[in-house]
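Each remark here refers to the structure printed beneath this line.
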Amino acid sequence: MRNTGKNLHIKANTITHSYIDEGQINAPAIIFIHGFPLNKTMWNKQIGVLKENYRVIAYDIRGFGNSNHGNADFSMDLFVQDLLSLMDILKIEKAILCGFSMGGYIALNAIENYPERFTALLLCDTNCTADTPVVKENRIKTIESIMEKGMKHYTEESLKKLFAPLSFSKQITEIALVREMIMKTSEQSIFKALHALAERKETCTKLHEIKVPVLIVVGKEDEITPPAVALSMHEKIKDSTIHIIDHAGHLSNMENPAQFNEILNQFLKK
């Protein structure tokens, strides 16, 4: 029997995951994967719009939100196994997959290795490249900084990168929500995820093999994964669609949900 709600729990791939499951059970399933270091609630404004016509799933990646972190080292491969295990237990054979930032890395890994499980792909403010040596080094420095200065300092520095400058006067509620998401994440999960991000493999060379419809969305002022990065992926994925979200930084779905949701709906209706 299916459970519905906003804070459900289920055991998948040896750990307990927290997830949202709303909408119609017989409708097409859409699975949302959040970014680092956030949780499933970043998708609330998308879930509210889509649940009338779709079965909408959003889950906390292991170690984030209300999901357990387990004992294993984090990796994109492990995150994909969590996703597939969750789909199997929820009896979702195929799904539309939407990944934001780190969630996009997971989505690209998943569709590369298990293309038969997905009917469409939405890539939001993400990238297909592996970390450069400089970026890897900066991730290690981030760990050292958290150990020295604490999570509050890390959180405030992260907010400056996640949001466009204008959002700090216009999106007060969203900034407060993201601040809370980060502060509630354990240092252990942050550290393990930073190592996973640093060690992930590139997926750019396999983008041309994607056969399902693909939507790429990026904030116009995204400094973490800029529009040029999104355009590069768009050029590699045949027949993909790209949209640049106005008045938005990295968190385009939260900073300009009206435009984001309109684009999302248009893509899904096709």
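Every number in this text was worked out from the coordinates using simple rules, so none of it is lab data. These numbers come from a predicted model, not from an experiment. Positions of Cβ are generated from backbone atoms using ideal geometry, with glycine treated the same way; all protein chains shown enter the neighbour counts.
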**Prompt:** If you add up the charges near residue 93, with Lys and Arg at +1 and Asp and Glu at -1, over every other residue whose beta carbon is less than 13 angstrom from its beta carbon, what do you get?
**Reply:** +2
**Request:** From zero up to wherever the largest Cα-Cα distance of region 5-269 sits, split into 5 Å bins and tell me the percent of pairs in each.
**Result:** 1, 6, 14, 19, 21, 19, 13, 6, 1, 0, 0
**Request:** Find which of 198, 98, 245 sits farthest along the positive direction of the dipole of the chain, computed with +1 on the beta-carbon of Lys and Arg, -1 on that of Asp and Glu, about the Cα centre.
**Result:** 98
**Request:** May I ask you to compute the full-extension gain from residue 15 to residue 205, defined as 0.36 nm times their residue separation minus their alpha-carbon distance, rounded to one decimal in nm?
**Result:** 65.2 nm
**Message:** Can you list, by residue number, the Cys in the chain that have no neighbouring cysteine C-beta under 4.7 Å?
**Reply:** 98, 124
**Request:** For residue 23, enumerate residues with amide H under 5 Å from its amide H, sequence gap 5+ or separate chain, H modeled in the peptide plane.
**Result:** 56
**Message:** As an exercise, identify the GluC sites (Glu not before Pro) in region 15-105 lying in DSSP coil whose Cβ has no more than 14 other Cβ atoms within 10 Å.
**Reply:** 52, 93
**Under 16 Å from the residue 241 label point (7 Å along Cα→beta-carbon), backbone N, region 37-76** = 50
**Prompt:** Using the Cβ atoms and a cut-off under 9 Å, what net charge is assigned to the surroundings of residue 249, where Lys and Arg are +1 and Asp and Glu are -1?
**Reply:** -3
**Prompt:** At q = 0.12, 0.13, 0.26, 0.29 Å⁻¹, what base-10 log of I(q)/I(0) does the Debye formula yield for region 103-173 when every alpha carbon is treated as an equal point scatterer in vacuo?
**Reply:** -0.55, -0.63, -1.10, -1.19
**Message:** Take the residue pairs 206/270; 6/136; 94/220 and return only those whose Cα atoms are more than 28 Å apart.
**Reply:** 6/136; 94/220
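What is the extension gain from residue 141 to residue 168, computed as 0.36 nm multiplied by their sequence separation minus the C-alpha to C-alpha distance, in nm to one decimal?
On the way: separation 27, 0.36 × 27 = 9.72 nm, distance 2.61 nm.
Taking 0.36 nm per residue and subtracting the Cα distance, the gain is 7.1 nm.
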**Request:** Rounded to whole Hz and in sequence order, give me ³J(HN,Hα) for region 160-167 from the Karplus expression 6.51 cos²θ - 1.76 cosθ + 1.60, θ = phi - 60°, writing x for Gly and Pro.
**Result:** 4, 8, 7, 10, 5, x, 5, 5
**Message:** Cut-off under 13 Å on the C-alpha distance; same-chain residues fewer than 8 positions from residue 51 excluded. Which aspartates and glutamates are left, in chain and number order?
**Reply:** 21, 22
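By the scheme Lys and Arg +1, Asp and Glu -1, what is the net charge of all other residues having a beta-carbon under 10 Å from that of residue 59? Intermediate results must be reported in sequence, preceding the final value.
On the way: positive: 40, 62; negative: 21, 60, 82.
Its environment carries a net charge of -1.
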**Message:** Can you say what percent of the DSSP beta bridges in the chain, counting only those with both residues inside, are antiparallel? Round to 5.
**Reply:** 30 percent
**Fill in**
Dipole check, region 5-269, charges on Cβ (K,R +1; D,E -1), about Cα centroid: among 8, 36, 173 the Cα furthest to the positive pole belongs to 8
**Message:** Kirkwood Rh and Cα-based Rg: tell me the resulting Rg over Rh for region 1-152, rounded to two decimals.
**Reply:** 0.98
